[in-house]
Amino acid sequence: MTDKPETERVDCTDCFALPDLDNTRIAYVKAGGGVSETWHTPDCPTLAITEINLVEGNKRTQEQEEWAQGVFPAAHDRLKKAAAELPADIDAQPFVDALTELVQAQADTTGYVVLHRWAEILERHFPPKLPDPDRTTE
């Protein structure tokens with residue numbers, strides 16, 4: 001038989017709700033393994049803010065993922081083309097810089113480097129070529 005983690009109840013400072021079928025329970029698993037819970041009435045402003053923040057956070061994550069999926073293939077292609085076109089005697093500093101930053105990004109996370117982070121790094125080290133505004137003839 002396993003022990004149930006201890007649950008710490010934190011009172012909402014707006015509605016002071018107690019556990020009830022009509023109320024909403026927000027629970028978090030704490031780093032130490034326990035659970036923290038807060039109950040809210042349906043009209044609680046704190047609950048409304050929490051729900052808005054969750055929806056907005058999910059929206060931002062989805063937007064970042066969509067952006068990254070759009071940008072990453074082109075950035076990756078530019079990286080492969082640049083590597084293929086690089087003469088043997090050219091300094092490989094941009095590649096070293098990008099690789100170093102990617103490795104550091106991986107080191108800074110407990111999982112995998114998310115696609116939008118890879119795309120940001122590759123875009124910075126291998127930006128798309130833009131037209132030269134000083135060039136007036138073809």
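The values are calculated or read from the model by the stated rules, or taken from the named source; none is laboratory data. What you are looking at is a predicted structure, and each value in this text was computed from that prediction instead of being measured. Every residue, glycine as well, gets a Cβ built from its backbone with ideal geometry; the counts of neighbours run over all protein chains shown. Surface areas here come from the heavy atoms of the whole protein model, side chains and all, with no ligands, DNA or RNA. Shrake-Rupley method; radii C 1.70, N 1.55, O 1.52, S 1.80 Å.
If we scan the range 32-51, do we find a residue that is out of contact with any strand residue (DSSP E or B) (no Cβ under 8 Å at 6 or more places or on another chain), closer than 30 Å to residue 129 by Cβ, of a type in the set (D, E, K, R) and open to solvent by 100 Å² or more (accessible area, probe 1.4 Å)? Within the range 32-51, not a single residue is out of contact with any strand residue (DSSP E or B) (no Cβ under 8 Å at 6 or more places or on another chain), closer than 30 Å to residue 129 by Cβ, of a type in the set (D, E, K, R) and open to solvent by 100 Å² or more (accessible area, probe 1.4 Å).
Residues are listed down the side, and each one gets a yes or a no for (1) part of a loop (DSSP other than H, G, I, E, B); (2) acidic (Asp, Glu); (3) surrounded by fewer than 16 Cβ atoms within 10 Å (Cβ to Cβ):
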residue: 59; (1), (2), (3): no, no, yes
residue: 63; (1), (2), (3): no, yes, yes
residue: 79; (1), (2), (3): no, no, no
residue: 100; (1), (2), (3): no, no, yes
residue: 127; (1), (2), (3): yes, no, yes
residue: 133; (1), (2), (3): yes, no, yes
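Determine which single condition residue 66 fails, assuming it passes every other condition in (1) out of contact with any Ser or Thr (no Cβ under 6 Å at 6 or more places or on another chain); (2) of a type in the set (D, E, K, R); (3) in contact (Cβ under 8 Å) with a residue 24 or more places away in the chain. Of everything listed in (1) out of contact with any Ser or Thr (no Cβ under 6 Å at 6 or more places or on another chain); (2) of a type in the set (D, E, K, R); (3) in contact (Cβ under 8 Å) with a residue 24 or more places away in the chain, residue 66 misses just condition (3).
Residue-wise test of (1) among the hydrophobic types (A, V, I, L, M, F, W, C); (2) out of contact with any His (no Cβ under 8 Å at 6 or more places or on another chain).
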{"position": "71", "(1), (2)": "yes, yes"}
{"position": "98", "(1), (2)": "yes, no"}
{"position": "104", "(1), (2)": "no, yes"}
{"position": "113", "(1), (2)": "yes, yes"}
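Flag: residue 9 does not match the condition of being more than 30 Å from residue 128 (Cβ to Cβ), touching a Phe, Trp or Tyr at 6+ places or on another chain (Cβ under 6 Å) and open to solvent by 70 Å² or more (accessible area, probe 1.4 Å). Within the range 102-125, the set of residues being in a helix (DSSP H, G or I) and open to solvent by 60 Å² or more (accessible area, probe 1.4 Å) comprises 103, 104, 106, 107, 117, 118, 120, 124.
Close Cβ contacts (under 6 Å, 6 or more residues apart or on different chains) running from residues in the range 88-105 that are in contact (Cβ under 8 Å) with a residue 12 or more places away in the chain to residues that are part of a helix (DSSP H, G or I) and among the charged types (D, E, K, R) comprise 105/117.
Here residue 66 meets the list (1) in contact with a strand residue (DSSP E or B) (Cβ under 8 Å, 6 or more places away or on another chain); (2) closer than 30 Å to residue 129 by Cα almost entirely, failing just condition (1). What tally of residues in the range 67-87 results from selecting those that are farther than 14 Å from residue 98 by Cβ and either at pLDDT 90 or above or aromatic (Phe, Trp, Tyr) (or both)? Selection size over the range 67-87: 1.
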